[in-house]
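As structure tokens, the structure follows; a few thoughts come after it.
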Amino acid sequence: MTTFVDRVELHVAAGNGGHGCASVHREKFKPLGGPDGGNGGRGGDVTLVVDQSVTTLLDYHHSPHRKATNGKPGEGGNRSGKDGTDLVLPVPDGTVVLDKRGNVIADLVGEGTTYVAAEGGRGGLGNAALASARRKAPGFALLGVPGQEQDIVLELKTVADVALVGYPSAGKSSLISVLSAAKPKIADYPFTTLVPNLGVVTAGATVYTIADVPGLIPGASQGKGLGLEFLRHVERCSVLVHVLDTATLESERDPLTDLDVIEAELAEYGGLENRPRIVVLNKVDIPDGQDLADIIRPELAARGYQIFEVSAVSRHGLKELSFALAGIVAEARAAKPKEEATRIVIRPKAVDDAGFTVTLEEDGIYRVRGEKPERWVRQTDFNNDEAVGYLADRLNRLGVEDALMKAGARGGDGVAIGSEDDAVVFDWEPSMAAGAEMLGRRGEDHRLEAPRPAAQRRRDRDAARDEADQEYEGFNPFS
């Protein structure tokens, strides 16, 4: 059974905003007491939070679909709907959030670090909030905005100061078990370690973490063995420790060749060229192991490596290794730039920034894109004429109509508001007047019933074309 997962695809959906309520206050002797429809509640967010007690993404492997609750609709009597409950998803320290294309969205390091993966939709306004001096008793309310939905990829990169790398059965798990309080699985067969092990080491005044990365083999950077799955766990380390087996039972292997193979795989993976390296010659408690260590030590020294001879069984050389690693980690921490307090940057919009764009597409459609127009369209109940008229007034005040005229649009041209997937398309007719004096009864707007010359001309043109086609089909040149 899988107990460790460090990469999952997660489908998150925030809650939808609740619809506003269209209601009129009624009581004895006050049949029309004014609008009292409440606002809809906000939808819940989906938030990722770093939790030190979480060490794996296993829960999201089994349940990859997560959704926050929706906001409640408003009610009469000026009662607003309840907000949806935010969904908080705990993730391990070192989790990287990517989109479907592999682009990094967020890097979550440090207890309590948060990232809002999907924002809840805002609730729709009730008719009480929409009332004004010009529109005293609106017969409509705004709909709630749907919550965001997103497919993201979570990758766990272990946050460790030291990474132990080497061939399977080189003794990495044994080392981490004696250097720290970690209790990894230890056995005398390859690929005993199937998940990264993390331990905490105290050397003098320095406390650092050490990770045992599962065994690497030739071709690991291309996915062979377990290397590709766990090479990402060495990316955050300050120092790489090559654990070389000086008492290997495989006749075709030797420590120098093992070192060259692992270095080639690290270079192929990339991004680790500047990390300091230490070579640990393990299992020197075995006579043959000590003899081989004496033979290869001059060659390793010539290559510039700092070398330590250790034995996890006899504890030989462990103290020196522990303090040497502590010194390198302390230097790396001192050289690391200090994190500055987050500066609040205010970027006001330009005075002439309307917040939307109008573009003419190849098919003759004028497309309007912008946060406000698209949200207003989603909040409009198109079964209510007054709500549609209110949308037209809002777009007019925003300047959409003037922008369409500047772009060359004329009455009867097609206009689309939104993206190609969920756009609202309509025939544009310039409105020369807008206001309460144009409204009829609640829920009605007689501007929508007015003749539409451009649309009528288009229908007449299509009818004439159909009639001409029928006459051509019935024409016989030999009659």
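The values are calculated or read from the model by the stated rules, or taken from the named source; none is laboratory data. Computed from a prediction, not measured in an experiment: that's the story for all the values here. Note that each Cβ is placed from the backbone with ideal geometry, even for glycine, and that neighbours are counted across all protein chains shown. Remember, those area values only see protein heavy atoms, side chains included, never the ligands or the DNA or RNA. Shrake-Rupley method; radii C 1.70, N 1.55, O 1.52, S 1.80 Å.
Summary table
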{"item": "Stretchable slack from Val200 to Asp151, in nm (0.36 nm times residue separation minus alpha-carbon distance)", "result": "14.2 nm"}
{"item": "Efficiency of FRET from Cβ geometry, Phe323 and Ile295, R₀ 30 Å, rounded to 0.05", "result": "0.65"}
{"item": "Label-point separation in nm, Ala267 to Glu27, each point 7 Å along Cα→Cβ", "result": "8.5"}
{"item": "Contour minus Cα-Cα distance for Thr55 and Thr113 (0.36 nm per residue)", "result": "19.4 nm"}
{"item": "Rounded accessible area per residue of the stretch 352-431, 1.4 Å, Å²", "result": "52"}
{"item": "Whole-angstrom gap from the stretch 110-152 to the stretch 61-92, using each part's C-alpha centre", "result": "13"}
{"item": "Spacing of the two label points (7 Å from each Cα toward its C-beta) at Ala133 and Lys406, in nm", "result": "2.9"}
{"item": "Surface per residue (accessible, 1.4 Å probe) for the stretch 49-179, Å²", "result": "45"}
{"item": "Virtual spin-label span in nm between Asp363 and Val5, 7 Å along Cα→Cβ", "result": "4.0"}
{"item": "Estimated FRET transfer efficiency (Leu256, Ile346; beta-carbon r; R0 51 Å; 0.05)", "result": "0.30"}
{"item": "The stretch 61-139 - percent of accessible surface contributed by carbon and sulfur, probe 1.4 Å", "result": "49"}
